[in-house]
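For reference, the structure discussed in these notes is given below.
The values are calculated or read from the model by the stated rules, or taken from the named source; none is laboratory data. Treat the numbers as computed from the prediction; the structure is a model and nothing was measured. All Cβ positions, even for glycine, are placed from backbone atoms using ideal geometry, and neighbour counts span all protein chains on display. The protein model used for the area step is the full one, side chains on, heavy atoms only, and it has no ligands, DNA or RNA in it. Shrake-Rupley method; radii C 1.70, N 1.55, O 1.52, S 1.80 Å.
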Amino acid sequence: MIHTESLAMTYPGGVTALTPTSVRFERGAVTVLLGPSGAGKSTLLHCLNRLRAPTAGRVVADGVGPLEDAAAIRRHRRRTAMIFQQHQLLPRVSVLRNTLIGRLGHHGFWRSTLPLPAGERRLALDSLERVGLLDKALVRADQLSGGQQQRVGIARALTQQAELVLADEPVASLDPGASRQVLSLLRDVCTERGLTAVISLHQVEYTREFADRVIALADGGVVFDGPPSALDDDVLCRVYGPGAVADLRRDAAGAAA
Ligand code: ADP
């Protein structure tokens, strides 16, 4: 569905966030980018939607080609949804309107200032129903809990009819119960609709529960690429460094609580 070819990123100031990385993301799979803070997860994720331009290499989307010119980037973004850690909703605007923002990429700017067709409203309401928030459609987004706001982000992706969902630490500010609810919803909608998801996470336990495939990053490089069942202590040492496994076990016990 999308792949990178020797993708690399060095930020102005000289920080190398990503060393040359070539990975392919297959259609329909939920891939978790796992790694500690600063490993390069966000940078890789943002390059997949060209929110950041790499300093070397390229991203190639099937059916679109290299994400290098404005037209290709626009076509790719139309079918790609982003879910961020927080602040992704317009706080004083209704949940329904926030969900309909998913349609904006399908219209030109002037068209989007006009009332949206009934079909799009229906699509947004169906999406809200799928994430269990139909009864909140007319509530202001800032009245929702953090977990509910992330579910609106998923409804927006469904309304967009996205094929690729990029989620950057989508549960970083949620408690364990809400985190599991959001991740399990995300996984279920991907399975139902054959969506491809790339999700950055730093929690090993959630990665084991929800990923089809894990790409672990450390210091801007891929140190593991495989199924979650293969995430053993040896791999975790490579990802988080020696001595971190005991800490991770303690965090996992907290997440399970
Ligand atoms: P992660 O998502 O795994 O926490 P990031 O991709 O955010 O990692 O960051 C990777 C590295 O790049 C870190 O060292 C971070 O400090 C640096 N970095 C990220 N964004 C910028 C930026 N805009 N300017 C300079 N350095 C950055």
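Report the net charge of residues surrounding residue 121, where surrounding means a beta-carbon distance below 12 angstrom and charges are Lys +1, Arg +1, Asp -1, Glu -1.
On the way: positive: 97, 103, 122; negative: 120, 126.
Combined, the nearby Lys, Arg, Asp and Glu give +1.
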Distance between the stretch 4-71 and the stretch 73-92 - C-alpha centres, whole angstrom = 17
Kirkwood calc, the chain, C-alpha pairs only, radius in angstrom 18.9
Which value, in Å², gives the accessible area per residue of the chain when a 1.4 Å probe is used on the protein heavy atoms?
-> 45
Pick from 214, 235, 131: which residue has the top mean-square fluctuation in a GNM of the chain where Cα pairs under 10 Å get a spring?
-> 235
Name the residue, out of 233, 69, 212, whose mean-square fluctuation peaks in a Gaussian network model built on the chain with Cα pairs under 10 Å.
-> 69
Net dipole in debye of the chain [+1 Lys, Arg Cβ; -1 Asp, Glu Cβ; about Cα centre; nearest 20] | 1140
Express as a percent, rounded to the nearest 5, the fraction of DSSP beta bridges in the chain (both residues included) that run antiparallel.
-> 50
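Which net charge results when you count Lys and Arg as +1 and Asp and Glu as -1 among the other residues whose beta-carbon is under 14 Å from that of residue 225?
Numbers: positive: 24, 41, 213, 238; negative: 26, 212.
Around residue 225, the surrounding residues sum to +2.
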Descending principal axes extents, the stretch 90-162, alpha-carbon based, whole Å | 33, 23, 18
Quick one: check the C-alpha center-to-center distance for the stretch 117-161 versus the stretch 168-208, whole angstrom.
-> 17
Report, to the nearest whole %, how much of the accessible area of the stretch 59-200 belongs to carbon and sulfur atoms, 1.4 Å probe, protein only.
-> 52
Contact order relative to length of the stretch 90-162, as percent, for alpha carbon pairs under 8 angstrom and 6 or more apart | 52
